[in-house]
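Q: Have a look at this one before I ask anything.
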Amino acid sequence: MLPRWVTVAYLAYLVAPILLLLVGSFGGLWLNTLLPTGFTGRWYLEVAADPSFRRAFNASLFVAAATGAACLAIGLPLAYAVFRAQSPAVRAAARALYLLPIALPALVLAFGFILVFSSDTLPWLGSIWLLVAGHAVLCVPYFLQAVVTDMQRLGLATLEDAADSLGSRPLQRFFHIVLPALRHSILSGLIVVAALSIGEFQFSNLVAGFLNRTYPVVLLQAFYGATGFACAATVILLALALSASALGAWSAGGAATLAFHRR
Amino acid sequence: MTGAVTVEHVTFRYPGGGAGIFDLSLEIAPGELVVCIGPSGCGKTTLLKLIAGFLQPERGIVRLAGEDVTGASVRSRELGIVFQAYALFPHMTVGENVAYPLRVRGIAPTERRRQAGETLELVGLAGFADRLPAELSGGQQQRVALARALAFKPRALLLDEPLSALDAATRVGMRDEVRRIQRSQNIATLLITHDQDEALSLADRIAILREGLLVQAAPASEIYDRPADGFVAGFVGRANLLPGEIAGAERVDTPLGALATPPHGKPAGERVLVLIRPERLEVAPAAGAPNTFAVEVTHDRFFGATRQLDLACRGARLRIETLSRGDVRYVRVPPEAVQFLAPT
């Protein structure tokens with residue numbers, strides 16, 4: 001009986017803020033009452049009409065997509081290298097190194113970026129690519145973790161040995177065995193990356209240039225204005241994060257299926 | 001006649017340890033099934049990896065049908081390998097798994113589907129082509145692994161503890177299946193196992209490894225009847241092993257007492273290891289007759305057809321396998337049951 005009540009209480013605690021956001025985003029006036037009065041869709045229209053929110057929306061989508069691509073391009077070979085390393089010491093060291101960004105506050109990374117990229121030799125602060133680079137550093141560990149764990153679970157080394165013995169060349173092994181066998185973890189890794197990138201605030205707030213601020217950065221300012229506007233803007237962020245995850249899942253699924261059916 | 005697989009004086013050491021295999025030579029004739037057996041860590045899987053090409057020997061030569069393949073890639077050796085955990089590709093159907101070696105050889109889809117179907121039929125899995133490996137039982141997965149390893153007509157078959165992951169009932173049935181399939185393809189095969197029953201029932205020849213050394217390679221009956229030493233005697237089948245000293249032309253002193261033996265031609269005073277197989281000991285009705293000893297039963301195991309008893313006799317331990325259901329108070333050692341091995 002008790003576990004059930006704990007579960008219910010926890011779920012309520014989890015869902016209540018989201019529900020309140022939804023209520024607030026459609027509410028007319030919300031001042032000192034428990035719930036807002038009136039029903040309106042105008043907050044959403046206002047957010048949609050706001051140019052800085054529109055730009056931030058697009059910037060966030062772009063950064064998330066580019067971060068996902070970077071994770072694939074960097075993370076997959078890295079995961080493979082870590083997994084196939086002969087020496088256990090090398091594996092442990094590599095693991096500690098690539099998990100480091102999880103332990104490090106994003107703030108530290110941001111300060112580092114500001115120091116390095118505000119200099120005259122590397123004056124790239126404010127570029128959207130710098131934002132992508134930072135997000136990639138923050139997200140790659142999560143992607144690696146998902147993929148390396150799956151490689152171990154599958155016994156990928158033995159699968160490759162088997163393919164080798166059956167006459168498969170290294171490149172064939174990668175496209176026929178490694179990539180399709182890992183498609184589920186690549187997919188879930190990309191979902192996590194998309195959600196993290198969309199929601200990232202600490203780093204983006206310090207490093208993003210004025211013209212390519214991401215959605216959460218712009219969102220902060222909404223709370224200085226009308227409550228309904230802020231609620232609607234936040235609900236949009238929520239929807240954005242969820243749909244980015246779905247998109248990541250769908251595209252990765254598509255890529256894996258494509259690789260799988262390549263003959 | 002050249003062996004299908006030949007290993008000549010091969011030495012391999014794992015870095016930073018005494019483990020490996022040392023100056024090992026072994027030949028597998030075309031169509032022959034050699035079972036390599038030994039305790040864990042004896043080097044049997046290392047031997048398989050050296051033949052397969054996953055490891056390279058420090059010294060020595062690996063040949064396939066006479067051709068030196070030492071240093072050649074795994075892929076180029078064209079050996080069918082069945083891995084302990086099968087290593088079926090989880091994202092491919094059974095048919096795609098079996099057709100995979102044909103696919104990488106550039107055979108057209110319809111043709112490779114046909115060939116894969118034939119191979120699946122051979123292992124008794126016709127009609128399973130569209131299933132995923134995860135939907136099959138352990139025994140069926142084992143058959144798929146075997147079919148995949150055979151699909152490209154390999155030069156030899158290497159099986160790494162292929163039956164160890166199966167439950168006891170399936171294992172015995174699969175043993176006969178492996179033998180039947182190997183016979184029908186007439187393919188030289190090396191099977192690694194730690195299960196002596198598997199070795200005895202499957203092998204044309206058994207190769208026994210211990211600490212990286214080949215102790216004996218011979219047909220099963222010879223391994224059992226004329227083991228090279230006490231280790232082989234104890235490892236394959238059950239054995240009573242007693243230290244002894246030759247006391248005369250037809251006598252040996254053991255902890256049991258003096259034993260009459262067939263004429264052996266060994267000099268008096270030589271130290272030997274006396275082997276008596278448990279099934280050759282006899283239950284005796286009374287003391288007094290030669291080679292008969294009073295015993296005390298310490299453990300009695302009933303197996304239906306036979307009974308296995310542990311006996312204590314003058315501080316020595318004996319094991320007897322008998323059909324008798326009655327009390328065991330005396331046992332007789334028939335002189336012809338006494339064998340001599342070199343002391344270890």
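The values are calculated or read from the model by the stated rules, or taken from the named source; none is laboratory data. Predicted model only: the values in this text are computed from it and were never measured. Quick reminder, even Gly has a Cβ in these numbers, built from the backbone with ideal geometry, and neighbours come from all protein chains shown. SASA here: full protein model, heavy atoms, side chains in, ligands and nucleic acids out. Shrake-Rupley method; radii C 1.70, N 1.55, O 1.52, S 1.80 Å.
Q: Keeping all protein chains in place and using 1.4 angstrom, which order do A:Tyr13, B:Tyr86, B:Tyr14 fall into by accessible surface area, from largest down?
A: A:Tyr13, B:Tyr14, B:Tyr86
Q: Give the residue list of GluC sites (Glu not before Pro) in the stretch B:1-107 that are DSSP loop and have at most 13 other beta-carbon atoms within 10 angstrom. Provide the component values of the computation, followed by the final result.
A: Numbers: sites: B:Glu8, B:Glu27, B:Glu32, B:Glu58, B:Glu67, B:Glu78, B:Glu96; in loops: B:Glu32, B:Glu58, B:Glu78.
For GluC sites (Glu not before Pro) across the stretch B:1-107 that sit outside H, G, I, E and B with at most 13 neighbouring Cβ atoms in 10 Å, the list reads B:Glu58.
Q: Per residue, how many Å² of accessible area does the protein assembly as shown show with a 1.4 Å probe?
A: Numbers: 28870 Å² over 607 residues.
The answer is 48 Å² per residue.
Q: Apply the a/c threshold of 1.5 to the C-alpha gyration tensor of the stretch A:1-72 and tell me whether it is rounded, prolate or oblate.
A: Verdict is oblate for the stretch A:1-72.
Q: From Cα pairs below 8 angstrom and at least 6 apart in sequence, can you work out the relative contact order of chain B, rounded to a whole percent?
A: 16 percent.
Q: At 7 Å along the Cα-to-beta-carbon direction for both A:Ala12 and A:Trp129, put a label point, then send me their distance in nm to one decimal.
A: It is 5.3 nm.
Q: Between B:Lys266 and B:Val172, what length comes free when the chain is fully extended (0.36 nm per residue of separation minus the Cα-Cα distance, one decimal in nm)?
A: Value of the extension gain: 29.6 nm.
Q: Given A:Ala181, A:Leu206, B:Val98, which one lies farthest toward the positive end of the charge dipole of the protein assembly as shown, if we put +1 on the Cβ of every Lys and Arg and -1 on the Cβ of every Asp and Glu?
A: Positive-most Cα among the choices belongs to A:Leu206.
Q: Separate question: Taking all protein chains together and a probe of 1.4 Å, list A:Met151, A:Met1 from the most accessible to the least accessible.
A: Heavy-atom accessible area, descending, gives A:Met1, A:Met151.
Q: What does the convex hull of the Cα atoms of the stretch A:70-149 come to per residue, in Å³, rounded to a whole number?
A: Hull volume normalised by residue count: 102 Å³.
Q: Could you sort A:Trp250, A:Trp5, A:Trp43 by accessible area so the largest value comes first, with the probe set to 1.4 Å?
A: A:Trp250, A:Trp5, A:Trp43
Q: log10 I(q)/I(0), Debye, Cα-only the stretch B:182-265, no solvent, q = 0.19 Å⁻¹?
A: -0.90
Q: How about the stretch B:255-315: which chymotrypsin sites (Phe, Trp or Tyr not before Pro) there are in a DSSP loop, with at most 13 other Cβ atoms within 10 Å of their Cβ?
A: B:Phe303
Q: Then there's this: How big is the charge dipole of chain B about its Cα centre, in debye rounded to the nearest 20, if each Lys and Arg gets +1 on its Cβ and each Asp and Glu gets -1 on its Cβ?
A: 460 debye
Q: While we're looking at this one, here's another question. So what's the projected area for the protein assembly as shown, the Cα convex hull averaged over all directions, in nm²?
A: Numbers: hull surface 170.2 nm².
If I average the Cα hull's projected area over directions, I get 42.6 nm².
Q: Taking H as built 1.01 Å from N, whose amide H comes closer than 5 Å to the amide H of B:Glu32, not counting residues under 5 places away?
A: B:Ala188, B:Thr189
Q: Kindly report, to the nearest 10 Å², the accessible surface of A:Glu160 as traced by a 1.4 Å probe over protein heavy atoms only.
A: 10 Å²
Q: Okay, next question. Of A:Val217, B:Cys313, B:Ile81, which is farthest along the charge dipole of the protein assembly as shown in the positive direction, counting Lys and Arg as +1 and Asp and Glu as -1 at C-beta?
A: Selected residue: A:Val217.
Q: Add +1 for every Lys or Arg and -1 for every Asp or Glu among the other residues with Cβ under 15 Å from the Cβ of B:His194, and state the total.
A: Taking every other residue near B:His194 into account, the sum is -2.
Q: In whole angstrom, note down how far apart the Cα centers of the stretch B:1-40 and the stretch B:109-178 are.
A: 25 Å
Q: How large a share of the accessible area of the protein assembly as shown, in percent, is made up of carbon and sulfur atoms when the probe is 1.4 Å and the other protein chains stay in place?
A: 62 percent
Q: Could you tell me the relative contact order of the stretch A:71-207? Use alpha-carbon pairs under 8 Å, at least six residues apart, and round to a whole percent.
A: Contact order relative to length: 36 percent.
Q: Solvent-accessible area of B:Asp327, probe 1.4 Å, all protein chains present, reported in Å² to the nearest ten, please.
A: Accessible area, nearest 10 Å²: 120 Å².
Q: Continuing with the same structure: Compute the Cα gyration tensor for the stretch A:157-239, then decide on rounded, prolate or oblate, letting a ≥ b ≥ c be the square roots of its eigenvalues: rounded whenever a/c is under 1.5, prolate when a/b is larger than b/c in the other cases, and oblate in all that remain.
A: Here the stretch A:157-239 falls in the prolate category.
Q: Helix-only mean residue ellipticity at 222 nm, the protein assembly as shown, DSSP H runs n ≥ 4 weighted -39,500 (n - 2.57), per residue, nearest 500. What is it?
A: Calculated mean residue ellipticity at 222 nm is -15000 deg cm²/dmol.
Q: Something else now. Roughly how many Å² of B:Leu200 are accessible to a 1.4 Å probe, to the nearest 10?
A: Accessible area of B:Leu200: about 60 Å².
Q: Additional query: Counting other Cβ atoms within 10 Å of each Cβ, which chymotrypsin sites (Phe, Trp or Tyr not before Pro) in the stretch A:130-227 have at most 16 and sit in a DSSP loop? Can you show the working numbers first?
A: Values: sites: A:Tyr142, A:Phe143, A:Phe174, A:Phe175, A:Phe201, A:Phe203, A:Phe210, A:Phe223, A:Tyr224; in loops: A:Phe201, A:Phe223, A:Tyr224.
Here the chymotrypsin sites (Phe, Trp or Tyr not before Pro) that fit, given the DSSP loop and packing criteria, are A:Phe201, A:Phe223, A:Tyr224.
Q: Report, for the protein assembly as shown, the % of DSSP beta bridges that are antiparallel, rounded to 5.
A: For the protein assembly as shown, the DSSP antiparallel bridge percentage is about 75.
Q: For the stretch B:246-261, take each phi angle, set θ = phi - 60°, evaluate the Karplus expression 6.51 cos²θ - 1.76 cosθ + 1.60, and give the result in whole Hz per residue in order, putting x for glycine and proline.
A: 5, 10, x, 4, 9, 9, 9, 8, 9, x, 6, x, 6, 10, 7, 10
Q: While we're here: Along Cα→Cβ, 7 Å out, is where each label goes; now give me the distance between the ones at B:Thr110 and A:Leu22 in nm to one decimal.
A: 5.6 nm
Q: Quick one: Kirkwood hydrodynamic radius for the stretch B:1-102, alpha-carbon pairs, angstrom, one decimal?
A: Value: 15.0 Å, from the Cα pair sum.
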